[in-house]
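Chemist: My questions will all concern the structure given below.
The values are calculated or read from the model by the stated rules, or taken from the named source; none is laboratory data. Predicted, not measured: the structure shown is a model, and the values here were computed from it. All Cβ positions, even for glycine, are placed from backbone atoms using ideal geometry, and neighbour counts span all protein chains on display. For the accessible areas, the whole protein counts, side chains as well, though only heavy atoms, and no ligand, DNA or RNA atoms are used. Shrake-Rupley method; radii C 1.70, N 1.55, O 1.52, S 1.80 Å.
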Amino acid sequence: MSLPVAPKPSPRRFHQAQWDEPIVFELHCAGERGIAVTPVEPGVREAVGDVVAALPASLRRPAPPHLPEIGQMRVLKHYLRLSQETLGSDLNVDIGQGTCTIKYSPKINDQLIEVPQLRELHPRQSEASVQGALEITWRLEQLMAEISGMHAVTFQSPGGSAGIWTNIAMIRAYHAARGEAEQRDEVITTIFSHPSNAAAAKEAGYKVITVYPDADGYPDLTAMKAALSDRTAAIMVTNPEDTGIYNPAIQQWVDAAHGVGALASYDQANASGILGITRAREAGFDVCQFNLHKTFSAPHGCGGPAAAANAVSEALAPFLPGPRIVREDDGFAVRQPGPLSIGHVAPGFGVVLHVVRAYAWIMALGAEGLRTASEIAVLNNNYLLHEVTRIPGASAPYATGRRRIEQVRYSWQELFEQTGITSEEIGIRMTDFGFHYWTSHHPYVVPQPFTLEPTECYSKAEIDEYVAALAEVARECREEPEVVRSAPHNQTVHHTHHDDLDDPERWAITWRAYRRKYFGETPVDDVVAA
């Protein structure tokens with residue numbers, strides 16, 4: 001006879017752990033140690049001498065740094081408690097991160113990078129001692145060249161937006177080499193391309209022209225052609241766009257850009273639904289970039305350091321940043337940037353640990369697996385689209401009734417008009433059910449936006465669980481609005497106010513700044529200038 005088990009409600013009950021945990025500096029207890037450092041072996045000090053005395057005075061501290069002294073067990077508890085006060089992809093159905101996809105990063109790949117040869121890798125090691133890392137990086141370059149159809153690849157850029165910056169830097173250098181840098185001072189993008197395209201072009205000194213969707217919700221080819229001229233340096237577009245809409249006329253966009261001597265740059269941040277199905281080169285693009293932390297399952301890194309793959313045509317290969325890894329008869333070598341290169345965009349030769357994770361992910365799946373992953377991502381997304389748009393008050397603007405690729409930018413505008421509750425308030429309430437729901441969907445063209453991307457990683461049951469929570473919050477907006485407005489109720493903290501964050505006289509972003517601002521302390525461990 002089995003014991004009766006009470007059925008679990010839907011959505012499931014959740015309450016975040018809450019610890020009244022001090023910050024790590026407040027745990028300081030003089031004399032406590034996390035590890036006992038091995039004493040210097042007899043004879044070593046006599047042989048080496050006083051290594052500190054050899055440092056220039058400007059590099060020596062006048063006093064030890066004020067680091068907290070804490071026993072190892074207390075450190076472990078401290079960080080475990082903090083980890084219990086967060087949401088993340090290892091805990092919840094993390095499909096609400098919008099355009100910053102959170103894929104599952106296989107734990108076996110984390111084990112692969114734990115070998116000392118990778119974990120302790122230093123960019124100044126000799127080439128002979130890093131042949132394995134160089135080979136993996138080189139081999140992943142070949143794989144990304146095959147996936148994109150492009151001629152050459154580098155992993156120098158430390159993230160997606162950094163990769164877009166590398167793209168525009170190469171475009172600028174290309175036109176400069178042809179004597180057209182002054183003439184070509186405009187870049188064309190679309191309103192639903194990732195905002196980093198416009199931002200990078202603006203930062204590089206270009207006038208940015210933004211094209212809006214046509215009457216059917218697709219990127220407006222006629223408007224783009226009208227914006228083209230001999231001043232156009234490049235088009236910089238994301239496809240599918242952040243709405244999840246794929247531009248079916250993308251080759252016409254590229255051909256039109258080439259017709260006026262401009263280059264075509266492809267932001268493939270949203271490539272999770274098109275791997276093995278379309279390639280940048282077949283559409284005629286000159287340069288593209290992928291985000292390893294999104295499409296290829298390397299960790300997001302919460303803002304970095306991440307890794308991007310910049311891939312270029314043969315004509316743009318000389319402008320790639322360096323150093324480059326080359327295969328020679330006796331192994332792999334690192335070559336510094338050539339005369340046309342844009343130079344260095346990051347230290348070393350990339351975030352190697354992410355490169356190894358992405359390499360492992362691709363090798364585990366193979367070509368057929370990559371395509372299958374994309375097909376599942378599209379299937380999951382369109383199932384989610386069907387379920388979300390059944391919730392009263394939710395809609396999917398643009399290209400109404402059409403299927404999307406791997407994500408959708410939805411809108412709660414109808415629900416907002418009926419209840420006055422915003423998408424941001426709904427997002428906060430979703431945390432009471434243990435779900436992450438981001439509301440940074442710039443530009444705010446879609447009213448009351450929310451962007452969901454289920455990827456290939458989640459099951460139907462998990463997607464259903466997320467939709468059930470969304471539907472429940474939508475019901476509360478109509479029937480119990482104060483529950484939503486006063487959320488969160490089941491979180492580590494309750495509703496916070498932004499007053500402190502809006503007043504630069506009150507906020508401090510580091511412990512040292514806090515001690516200086518509120519207690520007038522001057523850190524004694526400041527390095528004394530020479």
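Chemist: Choose one of Leu501, Gln491, Val446: the residue whose Cα lies farthest towards the positive end of the charge dipole of region 413-530 (beta-carbon charges +1 Lys, Arg; -1 Asp, Glu; about the Cα centre).
Modeler: Positive-most Cα among the choices belongs to Leu501.
Chemist: Run through all the Cα pairs of region 191-332 and give the fraction in each 10 Å bin from 0, expressed as whole percent.
Modeler: 10, 38, 36, 12, 3, 0
Chemist: Then there is this: Taking all pairs of distinct Cα atoms, average 1/r, flip it, and tell me the Kirkwood hydrodynamic radius of region 110-259 in Å to one decimal place. Before the final figure, lay out each step's value.
Modeler: Working: mean 1/r = 0.0563 Å⁻¹.
That comes to 17.8 Å for region 110-259.
Chemist: Place a +1 charge on the Cβ of each Lys and Arg in region 321-377 and a -1 charge on the Cβ of each Asp and Glu, then give the dipole magnitude about the Cα centre in debye, rounded to the nearest 20.
Modeler: Details: 5 positive and 5 negative charges, 40 e Å.
I would put it at about 180 debye.
Chemist: Next question, about the same structure. Hey, what's the Cα Rg ratio for region 283-418 versus the globular rule of thumb, 2.2 N^0.38 Å? Working shown, then result.
Modeler: Details: Rg = 20.5 Å, N = 136, 2.2 N^0.38 = 14.2 Å.
Working it through for region 283-418, the quotient is 1.44.
Chemist: Nearest 20 debye, what's the magnitude of the dipole of region 84-219 about its Cα centre given +1 on Lys and Arg Cβ and -1 on Asp and Glu Cβ?
Modeler: In debye, rounded to 20, region 84-219 gives about 260.
Chemist: As a test of the definition: which semi-axes, in Å, follow for the chain when you take the square root of five times each eigenvalue of its alpha carbon gyration tensor? Largest first, please.
Modeler: Values: eigenvalues 303, 267, 116 Å².
After scaling each eigenvalue by five and taking roots: 39, 37, 24 Å.
Chemist: Moving to a separate point now. Please list the non-local residues whose amide H lies under 5 Å from the amide H of Val408, H modeled 1.01 Å from N, same-chain partners needing a gap of 5 or more.
Modeler: Here Leu452 satisfy the definition.
Chemist: In sequence order, what are the phi-derived ³J(HN,Hα) couplings for region 462-479 according to the Karplus relation 6.51 cos²θ - 1.76 cosθ + 1.60 with θ = phi - 60°, rounded to whole Hz, with x for glycine and proline?
Modeler: Along region 462-479, the couplings run 5, 5, 4, 5, 5, 4, 4, 5, 4, 5, 5, 5, 4, 5, 4, 4, 8, 9 Hz.
Chemist: Hey, can you find the accessible area per residue of the chain for me, probe 1.4 Å, expressed in square angstrom? Please list the in-between numbers first.
Modeler: On the way: 26690 Å² over 530 residues.
Accessible area per residue, the chain: 50 Å².
Chemist: Take the solvent-accessible surface of the protein heavy atoms, probe 1.4 Å, and return the percent of it on the chain that carbon and sulfur atoms account for. Intermediate results must be reported in sequence, preceding the final value.
Modeler: On the way: 14850 of 26690 Å².
On the chain, the fraction of accessible area on carbon and sulfur atoms equals 56 percent.
Chemist: Restricting the count to DSSP beta bridges whose residues both fall in the chain, what percent are antiparallel, rounded to a multiple of 5? Please report the intermediate quantities before stating the final value.
Modeler: Values: 19 of 35 bridges.
Of those bridges, close to 55 percent are antiparallel.
Chemist: Across the chain, how many lysine pairs, 8 or more positions apart or on different chains, have C-alpha atoms separated by under 30 Å? Please give the number.
Modeler: Total qualifying Lys-Lys pairs in the chain comes to 15.
Chemist: Ok, one more. Compute the convex hull volume of the Cα atoms of region 140-213, divide it by the residue count, and report the result per residue in Å³ as a whole number.
Modeler: Values: hull volume 8.3 nm³, N = 74.
Dividing the Cα hull volume of region 140-213 by its residues yields 112 Å³.
Chemist: Could the peptides 273-285, 118-130 be put in order, highest first, of the mean number of other beta-carbon atoms found within 10 Å of their residues?
Modeler: Working: 273-285: 20.0, 118-130: 11.6.
Highest to lowest by the protection proxy: 273-285, 118-130.
Chemist: Suppose we keep just the alpha-carbon trace of region 431-530; what are its Rg and Dmax in angstrom?
Modeler: Over region 431-530's Cα set, Rg and Dmax evaluate to 21.0, 67 Å.
Chemist: Same structure, new question: Under unit Cβ charges (Lys, Arg +1; Asp, Glu -1), what dipole magnitude, rounded to 20 debye, does the chain have relative to its Cα centre? Don't jump to the answer; show the numbers that get you there.
Modeler: On the way: 45 positive and 64 negative charges, 97 e Å.
Rounded to the nearest 20 debye, it is 460 debye.
Chemist: Along the charge dipole of region 182-293, which of Ala262, Ser193, Gln289 sits closest to the positive end, that is, farthest toward it, with unit charges on the beta carbon of Lys, Arg, Asp and Glu (+1, +1, -1, -1)?
Modeler: Farthest towards the positive pole: Gln289.
Chemist: Could you tell me which residue out of Ala176, Leu121, Ile342 lies farthest along the dipole of the chain toward its positive end? Charges go on the beta carbon: Lys and Arg +1, Asp and Glu -1, centred on the Cα centre.
Modeler: Most positive-ward Cα: Leu121.
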